[in-house]
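S.K.: Please read through the structure below; I'll follow up with questions.
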């Protein structure tokens with residue numbers, strides 16, 4: 001067993017951890033980064049396969065509202081490192097960005113790998129030392145950090161520690177939430193981990209599932225009758241229910257509704273470009289001898305999965321009544337029963353309660369231990385909001401660790 005010392009130790013080599021390491025290393029302090037996986041930022045690489053969404057171009061005052069109940073706290077992180085700073089930081093790494101049609105910001109090459117390679121080169125030049133295959137086990141009786149490695153257990157000491165261990169989604173990429181038991185045993189308050197940006201299960205018929213699983217529901221609007229949520233976009237029918245960007249944007253509200261009521265009924269406008277009175281006029285003649293599918297195709301312009309969804313959820317009497325049918329197509333009730341398992345979710349809600357942290361993200365119960373990223377109790381929809389706040393919290397925690405290491409005390413609240 002060996003024992004080594006570094007001014008600052010970062011545990012977790014995802015975006016939040018790497019940003020904390022960069023922040024401290026820029027001041028000339030020695031920084032060691034430890035990660036359980038063989039290589040860093042695996043979730044970032046996988047998430048970026050279809051195009052790495054770095055941030056969003058909308059005004060900051062709108063941007064901060066995406067963090068729901070935690071927007072006041074997250075806005076303070078974003079004041080230090082917001083969407084504009086993310087783009088400037090990427091540009092300094094030699095990664096040009098552009099704004100897509102949805103307002104999302106991507107690297108010109110779309111992929112995460114070039115940005116990560118450039119970032120790791122910068123960290124190496126700053127003197128950051130990366131230690132893969134080091135699984136954090138907590139602290140020993142003398143306060144040293146314990147790590148399991150292929151060569152056996154090793155220990156490290158540090159003047160300040162940044163924990164950036166992720167949530168519990170996609171655990172095969174390293175975020176397995178093993179830290180929960182370690183910190184809870186130290187008296188740290190932790191909110192239960194829940195799936196965020198996740199799919200939801202519905203009781204589809206076998207016929208509907210077989211015919212439409214994998215089909216995209218394009219150009220629809222979803223409303224949640226118990227909230228003011230109302231948004232246009234697209235999602236996808238799956239074998240188990242629904243997923244996709246429109247569902248992810250509403251996932252926190254849907255999840256909490258299910259927790260309170262046992263189910264949630266979403267309202268789909270299948271004809272978002274057709275006013276209600278025009279929909280009624282188109283359907284007022286009734287189907288006559290036509291089949292329901294042919295009736296929807298000819299009179300309402302609905303076909304494929306949209307027509308299939310209407311047939312799936314509407315009772316026969318609603319299909320025969322033109323007035324009721326027109327109203328239903330503008331607010332089709334689709335019941336979902338439960339979120340998909342946490343390990344499948346894009347991100348995690350819950351985690352370290354923000355009240356357990358100082359403004360510079362130091363644990364009140366553990367002086368000198370700072371925390372960042374998805375392990376904190378906040379959530380946001382996809383669209384660049386997750387990554388931006390992870391980077392911002394990493395910078396704030398890195399600054400706090402730097403001050404603590406240099407001064408021996410955190411920034412006062």
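S.K.: Within region 144-180, count every residue that is out of contact with any helix residue (DSSP H, G or I) (no Cβ under 8 Å at 6 or more places or on another chain) and part of a loop (DSSP other than H, G, I, E, B).
M.R.: Selection size over region 144-180: 5.
S.K.: Among the numbered criteria (1) more than 18 Å from residue 34 (Cα to Cα); (2) modelled with pLDDT of 95 or more; (3) not assigned by TED's automatic domain parsing to the domain that holds residue 335, which single criterion is violated by residue 169?
M.R.: (2)
S.K.: Also: Among the candidates 68, 17, which residue alone is under 18 Å from the mean Cα position of the chain (by Cα), part of a helix (DSSP H, G or I) and at positive phi?
M.R.: Values: 17 fails: at positive phi.
None of the others qualify; the one that does is 68.
S.K.: Here's something else I'd like to know. Considering 372, 401, 365, which residue is more than 19 Å from the chain's Cα centre (by Cα) and crowded, with 22+ Cβ neighbours inside 10 Å? Working first, answer last.
M.R.: Working: 372 fails: more than 19 Å from the chain's Cα centre (by Cα); 365 fails: crowded, with 22+ Cβ neighbours inside 10 Å.
Criteria check complete, one pass: 401.
S.K.: Please tell me if residue 183 is buried (at least 19 other Cβ atoms within 10 Å of the Cβ), outside any strand (DSSP E or B), modelled with pLDDT of 95 or more and within 18 Å of the chain's Cα centre (by Cα). Before the answer, list the steps.
M.R.: On the way: buried (at least 19 other Cβ atoms within 10 Å of the Cβ): yes; outside any strand (DSSP E or B): yes; modelled with pLDDT of 95 or more: yes; within 18 Å of the chain's Cα centre (by Cα): no.
Against the criterion (buried (at least 19 other Cβ atoms within 10 Å of the Cβ), outside any strand (DSSP E or B), modelled with pLDDT of 95 or more and within 18 Å of the chain's Cα centre (by Cα)), residue 183 does not qualify.
S.K.: Follow-up. Which numbered condition in (1) out of contact with any strand residue (DSSP E or B) (no Cβ under 9 Å at 6 or more places or on another chain); (2) within 26 Å of residue 36 (Cβ to Cβ) is the only one that residue 76 fails?
M.R.: (2)
S.K.: Of the conditions (1) within 21 Å of residue 126 (Cβ to Cβ); (2) surrounded by 17 or more Cβ atoms within 10 Å (Cβ to Cβ), residue 94 clears all except one; give me its number.
M.R.: (2)
S.K.: Got a sec? Which of 87, 66 is touching a residue at least 24 places away in the same chain (Cβ under 8 Å), farther than 21 Å from residue 129 by Cα and in contact with a helix residue (DSSP H, G or I) (Cβ under 6 Å, 6 or more places away or on another chain)? Talk me through it step by step, then tell me what you get.
M.R.: Numbers: 87 fails: in contact with a helix residue (DSSP H, G or I) (Cβ under 6 Å, 6 or more places away or on another chain).
The unique qualifying residue is 66.
S.K.: Looking only at region 285-308, decide whether some residue is in a strand (DSSP E or B), crowded, with 17+ Cβ neighbours inside 10 Å, touching a residue at least 24 places away in the same chain (Cβ under 8 Å) and in contact with a helix residue (DSSP H, G or I) (Cβ under 6 Å, 6 or more places away or on another chain).
M.R.: First pass over region 285-308, keeping only residues in a strand (DSSP E or B): none.
For region 285-308, residues in a strand (DSSP E or B), crowded, with 17+ Cβ neighbours inside 10 Å, touching a residue at least 24 places away in the same chain (Cβ under 8 Å) and in contact with a helix residue (DSSP H, G or I) (Cβ under 6 Å, 6 or more places away or on another chain): absent.
S.K.: Name the residues in region 220-231 that are touching a residue at least 12 places away in the same chain (Cβ under 8 Å) and in contact with a strand residue (DSSP E or B) (Cβ under 7 Å, 6 or more places away or on another chain), would you? Break it down stepwise before answering.
M.R.: Filtering region 220-231 down to residues touching a residue at least 12 places away in the same chain (Cβ under 8 Å) leaves 220-227, 229, 231.
Correct list: 220, 221, 222, 223, 224, 225, 229, 231.
S.K.: Any chance region 202-214 includes a residue that's closer than 26 Å to residue 103 by Cβ, under 30 Å from the mean Cα position of the chain (by Cα) and at pLDDT 95 or above?
M.R.: Within region 202-214, the first condition is being closer than 26 Å to residue 103 by Cβ, and the residues that meet it are none.
No: region 202-214 contains no residue that is closer than 26 Å to residue 103 by Cβ, under 30 Å from the mean Cα position of the chain (by Cα) and at pLDDT 95 or above.
S.K.: While we're here: Of the residues 99, 46, which is closer than 20 Å to residue 345 by Cβ and surrounded by fewer than 16 Cβ atoms within 10 Å (Cβ to Cβ)?
M.R.: 46
S.K.: Among the listed residues 82, 94, 109, identify the single one that is farther than 13 Å from residue 383 by Cβ and within 19 Å of the chain's Cα centre (by Cα).
M.R.: Selected residue: 82, the only one of 82, 94, 109 that is farther than 13 Å from residue 383 by Cβ and within 19 Å of the chain's Cα centre (by Cα).
S.K.: Follow-up. Residue 28 fails exactly one of the following numbered conditions: (1) in a helix (DSSP H, G or I); (2) surrounded by fewer than 22 Cβ atoms within 10 Å (Cβ to Cβ); (3) over 16 Å from the mean Cα position of the chain (by Cα). What is the number of that condition?
M.R.: Against the list (1) in a helix (DSSP H, G or I); (2) surrounded by fewer than 22 Cβ atoms within 10 Å (Cβ to Cβ); (3) over 16 Å from the mean Cα position of the chain (by Cα), residue 28 comes up short only on (1).
S.K.: Among the residues of region 120-143, how many are assigned to a helix (DSSP H, G or I) and either surrounded by fewer than 16 Cβ atoms within 10 Å (Cβ to Cβ) or within 24 Å of the chain's Cα centre (by Cα) (or both)? Talk me through it step by step, then tell me what you get.
M.R.: First, pick out the residues of region 120-143 that are assigned to a helix (DSSP H, G or I): 120-125.
When the remaining residues are screened for being either surrounded by fewer than 16 Cβ atoms within 10 Å (Cβ to Cβ) or within 24 Å of the chain's Cα centre (by Cα) (or both), the result is 120-121, 124-125.
The total comes to 4.
S.K.: Can you pull out the residues in region 232-270 that are over 19 Å from residue 102 (Cβ atoms), assigned to a strand (DSSP E or B) and touching a strand residue (DSSP E or B) at 6+ places or on another chain (Cβ under 6 Å)? Can you show your working first?
M.R.: Of region 232-270, the ones over 19 Å from residue 102 (Cβ atoms) are 237-242, 252-270.
This time we only want the ones that are assigned to a strand (DSSP E or B), so: 237, 241-242, 264-269.
Answer for region 232-270, where residues must be over 19 Å from residue 102 (Cβ atoms), assigned to a strand (DSSP E or B) and touching a strand residue (DSSP E or B) at 6+ places or on another chain (Cβ under 6 Å): 241, 242, 264, 265, 266, 267, 268, 269.
S.K.: Hey, another quick one. Which condition breaks for residue 117 when tested against (1) closer than 18 Å to residue 16 by Cα; (2) out of contact with any strand residue (DSSP E or B) (no Cβ under 6 Å at 6 or more places or on another chain); (3) surrounded by 14 or more Cβ atoms within 10 Å (Cβ to Cβ)?
M.R.: With respect to (1) closer than 18 Å to residue 16 by Cα; (2) out of contact with any strand residue (DSSP E or B) (no Cβ under 6 Å at 6 or more places or on another chain); (3) surrounded by 14 or more Cβ atoms within 10 Å (Cβ to Cβ), residue 117 is out only on (3).
S.K.: Checking the condition loosely packed, with under 15 Cβ neighbours inside 10 Å and touching a residue at least 12 places away in the same chain (Cβ under 8 Å), which residue from 168, 148 passes?
M.R.: That would be 148, the only listed residue that is loosely packed, with under 15 Cβ neighbours inside 10 Å and touching a residue at least 12 places away in the same chain (Cβ under 8 Å).
The values are calculated or read from the model by the stated rules, or taken from the named source; none is laboratory data. This is a predicted model, so every value here is computed, not measured. Glycine gets a Cβ as well: all are built from the backbone with ideal geometry, and neighbour counts include every protein chain shown.
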